[in-house]
Amino acid sequence: MKLFDSHSHRYPIYVAEENSTILGYGYLSPFSEKEAYSITVEDTIYIHPLYRGRGIGKQILKFLIKRAKDTGAANIIAKVCAENCMSLHLHKSFGFVEVGKLTKVGSKFGRFLDVIILQLIL
């Protein structure tokens with residue numbers, strides 16, 4: 001699977017499961033391929049809709065923040081759909097600060113999506 005091939009000790013994937021059912025996952029990725037930005041990582045978190053609101057995202061984000069610190073990252077960037085209030089709240093509850101907004105950079109279900117950029121300085 002391509003997703004797993006592009007990750008490593010520095011950029012781990014954390015999978016939450018229960019009774020062999022995947023509830024969600026999260027991972028760190030390079031923020032940019034340019035060397036000057038190697039001190040910054042980006043997080044991604046996905047929780048299956050049936051399991052949202054059970055604290056799984058908190059567990060995953062806590063792990064990702066610890067891993068980012070352990071590997072020497074100075075920042076974590078999160079790009080979250082402006083409509084995803086749960087993810088925005090989750091990130092802000094861990095100290096992420098909104099630093100920007102990208103307008104109409106995605107599309108889903110036939111409509112444009114805005115993205116909020118959040119940053120956590122470690």
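The values are calculated or read from the model by the stated rules, or taken from the named source; none is laboratory data. Just so you know, these numbers come straight off a predicted model, no measurement behind them. Glycine gets a Cβ as well: all are built from the backbone with ideal geometry, and neighbour counts include every protein chain shown.
Since Asp70 meets every condition but one in (1) under 28 Å from Glu35 (Cβ atoms); (2) at pLDDT 95 or above, which condition does it not meet?
(2)
Please specify each residue of region 72-104 satisfying the condition of being of a type in the set (A, V, I, L, M, F, W, C) and touching a Phe, Trp or Tyr at 6+ places or on another chain (Cβ under 8 Å).
Passing the criteria: Ile76, Ile77, Ala78.
May I ask you to say which residue of Ile65, Ile77 is buried (at least 17 other Cβ atoms within 10 Å of the Cβ) and part of a helix (DSSP H, G or I)?
The conditions single out Ile65.
In region 67-87, is there at least one residue being without any contact (Cβ under 8 Å) to a residue 24 or more places away in the chain, over 13 Å from the mean Cα position of the chain (by Cα) and more than 30 Å from Arg111 (Cα to Cα)?
yes
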